[in-house]
Each structure stands twice: as structure tokens, then as C-alpha cells.
Amino acid sequence: KEEELLLNEKMQRLLDRQPPLPAGGAEPQRIAVAALQKRGGATHLALEVASELARQHRKVGVQVEHRILDAMCWEYKLQALSGTVTVSGVTLFCDQGMQSRFDVVVLDMGQLAGRGYIEFFRAPYRLLCCGTAPWETPELLEFIQDNSDVAGTVEYILYPAALRKAQELTVELRRSGCRAYPWSYNPDPLAKNRENAKALRRMLQSLRRR
């Protein structure tokens, strides 16, 4: 419990120090995408976010682990060039030093755990993919309670969610000052899903162009 308190204090200090992003600045705007549960869909969501931004003609990159880059190369029969691979206007890379090449960088953070909390909350935009099964919902509510000071700065992606369950959770999270979005299953994250794209435009409408 003491370790959790220390981590929360560190996160709050990071948030307090986070400067506003300058219009036209050299630094890319960062969107952190994580999942509350293991294998909870963070990579799928990160690619869907990046794909929507690419359709808006943004120069977007997704920072992923090497195994994800290798898997994308295999799936699309491509070869990585200089540590990157581009599919449908979305460039995947592993080296953090490449971030400056892009207007927007989507960070695929996998399951949110340990020191990943600090990096997640350092990003100006934060999307958390949350399971909605009966055995997963208590973990989401516990996360919000344990991180009540910063929980309202996160966009909660409810996936997968039946309509009624999603509505109930959305109302419950709103009472805690949190924003939640029911998410539709999209088998190809690089293909447009109309409802998901609409939600993403609402979430990321303040993204500046460089």
C-alpha cells in the first residue's frame, strides 16, 4: 500500500509539471494507450487510433515492442526499413528516438502496471482499454477509486461491451467524474469503424497540427 501511495504522489508531481504543448512546436503530441487487463486490447486500440489520425492526414507513428513490429511485418508481408514499417499510412517503430519524426505519436503501452503508470500519465492524452465482463468491472472501479486524483484525466474505452452494460458503466463512471466510451469490435484496426471513429474525434479534437 505504501508503494501505491508513493507512485500516486509521483504521478501527481508529473502531472503538475506537464507543460502545455506549444502550437507548432517540435515535440510530437503523445497519446498513451494501455489496457487495464493483460491482453486487454491495447495494441489493437493503438492501431485503430493511429489509423483514424492517418485518415485525417496526420503524420502519425505508433511506438511498439519489437515483437509487435515483427508480427506486423509477417502479417502484411513487409520488411522493416530503418526500424520502421508503414501500413495504410500508419508507421510503426520501436526506437524512442524516432518520435520527433512524427506529428503525433501513439504509445502502445500494453497492460498498465508498475512504472508504466508514470509514463502513461505523462502523456497529454490517455486512453485506457477496460474489459467489461462481470469479473473485470470491479478492477476498473478499483482503479478509479485508487487513483481518484487523476482518474478523471483518462478516457475509458469499454471493450467489448453489450449496450446495456456499457450504458450502466458509462453512467457510473460519470458520477466519478470520468468519461467512458462503449467500443465496437473492429476485426481490422486499420479499417474504419464509424462509431469508434466518431468517439475518437471527440476524444482527440484538441490535437494541434504542427
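The values are calculated or read from the model by the stated rules, or taken from the named source; none is laboratory data. Remember, predicted model here, so these are calculated numbers, not experimental data. Cβ atoms come from the backbone with ideal geometry, glycine included; neighbour counts cover every protein chain shown. Protein only, heavy atoms only, side chains kept; ligands, DNA and RNA dropped before computing areas. Shrake-Rupley method; radii C 1.70, N 1.55, O 1.52, S 1.80 Å.
Quick notes
- All conditions in (1) at pLDDT below 90; (2) β-branched (Val, Ile, Thr); (3) assigned to a strand (DSSP E or B) hold for Thr91, with the sole exception of (1).
The rows are residues; the columns are (1) in contact with a Phe, Trp or Tyr (Cβ under 9 Å, 6 or more places away or on another chain); (2) of a type outside the set (Ser, Thr, Tyr); (3) open to solvent by 10 Å² or more (accessible area, probe 1.4 Å); (4) within 23 Å of Leu169 (Cβ to Cβ).
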| residue | (1), (2), (3), (4) |
| --- | --- |
| Gln56 | no, yes, yes, no |
| Thr84 | yes, no, yes, no |
| Arg122 | no, yes, yes, no |
| Arg126 | yes, yes, yes, yes |
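- If the condition is being farther than 21 Å from Glu52 by Cβ and of a type in the set (D, E, K, R), then region 65-100 contributes Glu65, Arg67, Asp70, Lys77, Asp95.
- For Phe120: the one exception among (1) in contact with a Lys or Arg (Cβ under 9 Å, 6 or more places away or on another chain); (2) assigned to a strand (DSSP E or B): (2)
- On the stretch given as region 22-52, residues that are under 21 Å from Arg122 (Cβ atoms), more than 13 Å from the chain's Cα centre (by Cα) and at pLDDT 90 or above total 1.
- Per-region count, region 154-195, residues small (Gly, Ala, Ser) and either under 17 Å from the mean Cα position of the chain (by Cα) or open to solvent by 60 Å² or more (accessible area, probe 1.4 Å) (or both): 4
- Subset of region 128-153 that is polar (S, T, N, Q) and open to solvent by 60 Å² or more (accessible area, probe 1.4 Å) - its residue that is farthest from Arg202 (Cα to Cα): Gln145
- Screening region 86-116 for residues that are charged (D, E, K, R) and open to solvent by less than 50 Å² (accessible area, probe 1.4 Å) and picking the one that is farthest from Gly61 (Cα to Cα) gives Asp108.
- First in region 187-199 and assigned to a helix (DSSP H, G or I), second anywhere and among the aromatic types (Phe, Trp, Tyr) and open to solvent by less than 30 Å² (accessible area, probe 1.4 Å), Cβ under 8 Å, 6 or more apart: Asn196/Trp183; Ala199/Tyr181; Ala199/Trp183
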